[in-house]
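Colleague: This structure is in C-alpha cells; I'll ask about it shortly.
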Amino acid sequence: SDFFRSPPINVPFFSGHPAAADFTGEDVPKSIFVEKVIIPLQDLYSGVDSKILQVHDSIWNRYRAAFRGGIAGKLALQAALSAVPLLLRTSLPVAAFAFVLCFHIGLPRPERLIFPTAIRRGWKTGTKIKYHSSAEIGFCDVVFVVEEGKHSNYVRDGNNLKTTVTISSEDATNGCTIHVEPLAAATELPITINLRPGEVQEGGCVKTLKGKGWPGKRGRGDLLVVIDVV
C-alpha cells in the first residue's frame, strides 16, 4: 500500500495540506491513533483539494493507541511507582485503584481532532496519511488509513477500472453505439463505444479501453467495459 506522511516543517497547520512538526522522533514511545476513513471512489480517482478527516478520541481508542505506539509500558512503570508506596501503607485494592487511575490519566490524547487533508489523485485502499506528533497535535501520531467507498457503476480492479453496461439482444444483433458515463462525470466527457453487428454475442463481451483506467505513478490502467445482453 502507498504511504504518505506529513512534511516535518515547523510552521502552523495550513488548511488543505498536512503540516506537523515531528518533535519526538520515530523511535520514541508515544500513542498512535489509527482511523479508517472511507473516501468515495470518484474522489480517489480525481483527487480532492481538501477533505475533512476526523480522529475519534474515545477511551477505547486512547488505550489502543498507547499500546500500539509503545508508550503503555512507560505509563505502567510510572503508575507502578506511584502505587507501590500505597501498597506498603494501605491495601492491595487501594494500590490497584491508584495504578489504574495513574495509568488512565497519563494516556496521551490528540489535541486536535479535525484534519483538513488534500486527497491525491490515484490513492487506493491501504494508503496511509500520517500526521506526526507535535505541540499542536499532542504526544501522539495520527494515521488515517484510506478505504475506497463503493460506487454504483464502477469498481477498481488493480490499476484497471471496471463497469457494466447492458444492451438488448436486438442492439447486439444489429450493432449500436453506447455511451458510458465516466467515473469523473463532472470533468470528463462520456465514453463512446461503437459495436458492430454481431460483435456482442448472447454471453456478452468485455471491451478494453487502454489508458482510461485508474491513474498511477506509471500512467493510467485500462477501462474494462463489461457488456451484458438482456
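The values are calculated or read from the model by the stated rules, or taken from the named source; none is laboratory data. These numbers were taken from a predicted model, which means no experiment stands behind them. Every residue, glycine as well, gets a Cβ built from its backbone with ideal geometry; the counts of neighbours run over all protein chains shown. The protein model used for the area step is the full one, side chains on, heavy atoms only, and it has no ligands, DNA or RNA in it. Shrake-Rupley method; radii C 1.70, N 1.55, O 1.52, S 1.80 Å.
Colleague: With the condition kept exactly as written, say whether any residue in the stretch 166-189 is open to solvent by 10 Å² or more (accessible area, probe 1.4 Å), hydroxyl-bearing (Ser, Thr, Tyr) and assigned to a strand (DSSP E or B).
Modeller: Checking the stretch 166-189: at least one residue is open to solvent by 10 Å² or more (accessible area, probe 1.4 Å), hydroxyl-bearing (Ser, Thr, Tyr) and assigned to a strand (DSSP E or B).
Colleague: Give the stretch 197-213 a look and list any residue that's part of a loop (DSSP other than H, G, I, E, B), surrounded by 15 or more Cβ atoms within 10 Å (Cβ to Cβ) and out of contact with any helix residue (DSSP H, G or I) (no Cβ under 7 Å at 6 or more places or on another chain), or say none. Break it down stepwise before answering.
Modeller: Filtering the stretch 197-213 down to residues part of a loop (DSSP other than H, G, I, E, B) leaves 197-204, 210-213.
From what's left, surrounded by 15 or more Cβ atoms within 10 Å (Cβ to Cβ): 200, 204, 212-213.
Within the stretch 197-213, Gly204, Lys212, Gly213 qualify.
Colleague: Just to check your reading of the model, which residue among Thr187, Thr208, Thr192 is among the hydroxyl-bearing types (Ser, Thr, Tyr) and in contact (Cβ under 8 Å) with a residue 60 or more places away in the chain?
Modeller: Values: Thr208 fails: in contact (Cβ under 8 Å) with a residue 60 or more places away in the chain; Thr192 fails: in contact (Cβ under 8 Å) with a residue 60 or more places away in the chain.
Unique residue meeting the criteria: Thr187.
Colleague: Still on this structure, please answer the following. Looking only at the stretch 138-154, count every residue that is over 30 Å from Pro190 (Cβ atoms) and of a type in the set (Phe, Trp, Tyr) and tell me the total. Full working, then the answer.
Modeller: Step one: list which residues in the stretch 138-154 are over 30 Å from Pro190 (Cβ atoms), which gives 138-145.
Pick out the ones that are also of a type in the set (Phe, Trp, Tyr) and you get 139, 144.
Residues meeting the conditions: 2.
Colleague: Another question about this same structure. Would you say Arg156 is open to solvent by 30 Å² or more (accessible area, probe 1.4 Å) and touching a Leu at 6+ places or on another chain (Cβ under 9 Å)?
Modeller: Working: open to solvent by 30 Å² or more (accessible area, probe 1.4 Å): yes; touching a Leu at 6+ places or on another chain (Cβ under 9 Å): yes.
Considered against the rule, which asks whether it is open to solvent by 30 Å² or more (accessible area, probe 1.4 Å) and touching a Leu at 6+ places or on another chain (Cβ under 9 Å), Arg156 comes out as yes.
Colleague: Taking the residues in the stretch 214-230 that are open to solvent by 50 Å² or more (accessible area, probe 1.4 Å) and touching a residue at least 12 places away in the same chain (Cβ under 8 Å) as candidates, determine which candidate is nearest to Asp157 (Cα to Cα).
Modeller: Keep residues of the stretch 214-230 that are open to solvent by 50 Å² or more (accessible area, probe 1.4 Å), which gives 217-218, 220, 228, 230.
Narrowing further to those that are touching a residue at least 12 places away in the same chain (Cβ under 8 Å): 217, 220, 228, 230.
Working: Lys217: 16, Arg220: 12, Asp228: 19, Val230: 25 Å.
Result: Arg220.
Colleague: Still on this model: Taking the stretch 100-118, which residues are open to solvent by 70 Å² or more (accessible area, probe 1.4 Å) and assigned to a helix (DSSP H, G or I)?
Modeller: Val100, Leu101, Ile105
Colleague: Could I ask something else about it? For the stretch 37-62, how many residues meet the condition of being over 30 Å from Gly211 (Cα atoms) and out of contact with any Leu (no Cβ under 7 Å at 6 or more places or on another chain)?
Modeller: Residues of the stretch 37-62 that are over 30 Å from Gly211 (Cα atoms), as a first pass: 52-62.
Now restrict to residues that are out of contact with any Leu (no Cβ under 7 Å at 6 or more places or on another chain): 52-53, 56, 58-61.
Here the count works out to 7.
Colleague: Scan the stretch 119-126 and give yes if some residue there is under 30 Å from Arg196 (Cα atoms) and either open to solvent by 20 Å² or more (accessible area, probe 1.4 Å) or assigned to a strand (DSSP E or B) (or both), otherwise no. Lay out the reasoning, then the answer.
Modeller: Of the stretch 119-126, the ones under 30 Å from Arg196 (Cα atoms) are none.
No, the stretch 119-126 contains no residue that is under 30 Å from Arg196 (Cα atoms) and either open to solvent by 20 Å² or more (accessible area, probe 1.4 Å) or assigned to a strand (DSSP E or B) (or both).
Colleague: Here's a follow-up. What are the residues in the stretch 39-53 that are open to solvent by less than 40 Å² (accessible area, probe 1.4 Å) and acidic (Asp, Glu), if any?
Modeller: First pass over the stretch 39-53, keeping only residues open to solvent by less than 40 Å² (accessible area, probe 1.4 Å): 39, 41, 43-45, 47-48, 53.
The one that is open to solvent by less than 40 Å² (accessible area, probe 1.4 Å) and acidic (Asp, Glu): Asp43.
Conditions (1) under 30 Å from Pro182 (Cα atoms); (2) at pLDDT below 95; (3) surrounded by fewer than 13 Cβ atoms within 10 Å (Cβ to Cβ), marked per residue:
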residue: Asp2; (1), (2), (3): yes, yes, no
residue: Phe13; (1), (2), (3): no, yes, no
residue: Lys30; (1), (2), (3): no, yes, no
residue: Ala72; (1), (2), (3): no, no, no
